[in-house]
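The values are calculated or read from the model by the stated rules, or taken from the named source; none is laboratory data. Treat the numbers as computed from the prediction; the structure is a model and nothing was measured. Heads up, the Cβs are rebuilt from the backbone with ideal geometry, glycines too, and the neighbour counts pull from every protein chain shown.
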Amino acid sequence: MPTTTDHVIPFAIKPLGVRGRIVRLGAVVDDILSKHSYPDAVSALVAESVSLTAMLGSALKFDGKFILQTKTDGPASMIVADFVSPGHVRAMAKFDQSKLDSFTSPQQKDLLGAGYLGMTIDQGQEMERYQGIVPLGNNTLAEATHTYFLQSEQIPTRLRVAAGPIMTRGQKATQWRAGAIMVQHLPSEGGVSAIPEQMPEGQTSEILEDDNWVKARLLLDTVEDHELLDPTLTSEELLYRLYHEDGVTVYPAIPISRHCTCSVETVESMLRNFPIGDRADMMKDGMIEVVCEFCSTPYRFKPEALG
């Protein structure tokens, strides 16, 4: 059945030697943002991070966790989004309102400032974590992700990402949506990579770049934000618009849902490991109060219950 929201769909354009993924998020990202009171600029940044995390995390070939995190000196000092197999996401942000107020109409690069983007793959307690870090200075999340693939996986990659509030007919309020689409080139055996760092000295990427890859990425560049966010346009229709000339193979959709790992038990266990002085700083009206940074759920405990 054609789908428009809350999923990741893997696809391939086999004649071009290209694979890809498309993400469309509606209720999931709207639910995540509804738990907070972020300014719109920060909400858009969080929504984009969720769509990127869902796209990259769903590509894991094992049960595990994918974590995307930024740490910067900009108004949005930290963004954290994670994906847990088979399709659960959550996200949060920390921001400085006074820094944000210094911009009339902040762009994403203004929000991020200088810092880094980290991507962590966690395969579980028995396995070693893998982490890749790329600089963010004057880059968007999408641009930094391109750098990650260039440096870490050395796979020619192109992606588009969008997020924003929309209002559809019959709705009484706006709803946040987010989307992303990515293509990657898999050269045939003996083919030449399109990555500039691998080019022989004196030759340019334009000379060596595979024609099929050039076609695939130029078509992807035509995707507009409204196409990724439009709830009436299915992912299958969008892929057909782009790649019908060469034929696109669409694989089963991966459903995406919001989740949070917090619970009374996990928060209580965490608090028991805190020094008594730190617990005292959390006191409010005679109770120790903790609010989950991801879902804003409040937890209250009697001090004596924690020992």
(request) Tell me which residues, restricted to the range 96-119, are closer than 24 Å to Leu25 by Cβ and part of a strand (DSSP E or B). (result) Leu117, Gly118, Met119
(request) Kindly indicate whether Leu45 is touching a residue at least 40 places away in the same chain (Cβ under 8 Å), buried (at least 24 other Cβ atoms within 10 Å of the Cβ) and either under 25 Å from His226 (Cβ atoms) or among the small types (Gly, Ala, Ser) (or both). (result) yes
(request) Give the residues of the range 1-29 that are part of a loop (DSSP other than H, G, I, E, B) and touching a residue at least 60 places away in the same chain (Cβ under 8 Å), sorted by residue number. (result) Pro2, Thr3, Thr4, Thr5, Asp6, Gly17, Gly26
(request) Go through Ile13, Ile22 for me and flag whichever is more than 21 Å from Asp230 (Cβ to Cβ), crowded, with 22+ Cβ neighbours inside 10 Å, in the same structural domain as Thr157 (by TED's automatic domain parsing) and of a type in the set (A, V, I, L, M, F, W, C). (result) Ile13
(message) Can you find, within the range 159-185, the residue that is farthest from His226 (Cα to Cα) among those that are at pLDDT below 95 and of a type in the set (D, E, K, R)?
(response) Lys172
(message) Which of the numbered conditions does Arg300 fail, given that it passes all the others? Conditions: (1) in contact with a strand residue (DSSP E or B) (Cβ under 8 Å, 6 or more places away or on another chain); (2) in a helix (DSSP H, G or I); (3) of a type outside the set (A, V, I, L, M).
(response) (2)
(request) Scan the range 249-302 residue by residue and report those that are over 29 Å from the mean Cα position of the chain (by Cα) and either at pLDDT 95 or above or among the basic types (Lys, Arg) (or both). (result) Arg272, Arg279, Lys284, Arg300, Lys302
(message) So in the range 120-164, with the set limited to residues that are part of a helix (DSSP H, G or I) and touching a residue at least 60 places away in the same chain (Cβ under 8 Å), which one is nearest to Leu242 (Cα to Cα)?
(response) Ala142
(request) Please work out which residue is nearest to Pro255 (Cα to Cα), limiting yourself to the range 85-107 and to residues that are within 16 Å of the chain's Cα centre (by Cα) and crowded, with 18+ Cβ neighbours inside 10 Å. (result) Gly87
(message) Among the listed residues Ala59, Ala47, Ala93, identify the single one that is farther than 24 Å from Glu128 by Cβ and either at pLDDT below 95 or not in a strand (DSSP E or B) (or both).
(response) Ala47
(message) Would you confirm, using the coordinates I've provided, whether Ser257 is in contact with a helix residue (DSSP H, G or I) (Cβ under 7 Å, 6 or more places away or on another chain) and either at positive phi or hydroxyl-bearing (Ser, Thr, Tyr) (or both)?
(response) yes
(message) Kindly evaluate Glu143 against the criterion of being farther than 17 Å from Gly57 by Cα, modelled with pLDDT under 90 and not hydroxyl-bearing (Ser, Thr, Tyr).
(response) no
(message) If I filter the range 73-80 for residues that are in contact with a His (Cβ under 6 Å, 6 or more places away or on another chain), outside any helix (DSSP H, G or I), assigned by TED's automatic domain parsing to the domain that holds Asn139 and crowded, with 18+ Cβ neighbours inside 10 Å, do I get at least one hit?
(response) no
(request) Would you point out which residue out of Leu218, Leu233 is over 29 Å from Asp30 (Cα atoms), modelled with pLDDT of 90 or more and hydrophobic (A, V, I, L, M, F, W, C)? (result) Leu218
(request) Evaluate the following for Leu159: is it among the aliphatic types (A, V, I, L, M), under 17 Å from the mean Cα position of the chain (by Cα) and closer than 30 Å to Gly17 by Cβ? (result) yes
(message) With the structure loaded, tell me whether Lys61 is in contact (Cβ under 8 Å) with a residue 40 or more places away in the chain and basic (Lys, Arg) or whether it fails that test.
(response) no
(message) Here is a list: Pro231, Pro275, Pro298. Which entry is in contact with an Asp or Glu (Cβ under 8 Å, 6 or more places away or on another chain), within 30 Å of Lys65 (Cβ to Cβ) and surrounded by fewer than 17 Cβ atoms within 10 Å (Cβ to Cβ)?
(response) Pro298
(request) Test Ile32 against the stated conditions and say whether it is touching a residue at least 60 places away in the same chain (Cβ under 8 Å) and not in a helix (DSSP H, G or I). (result) no
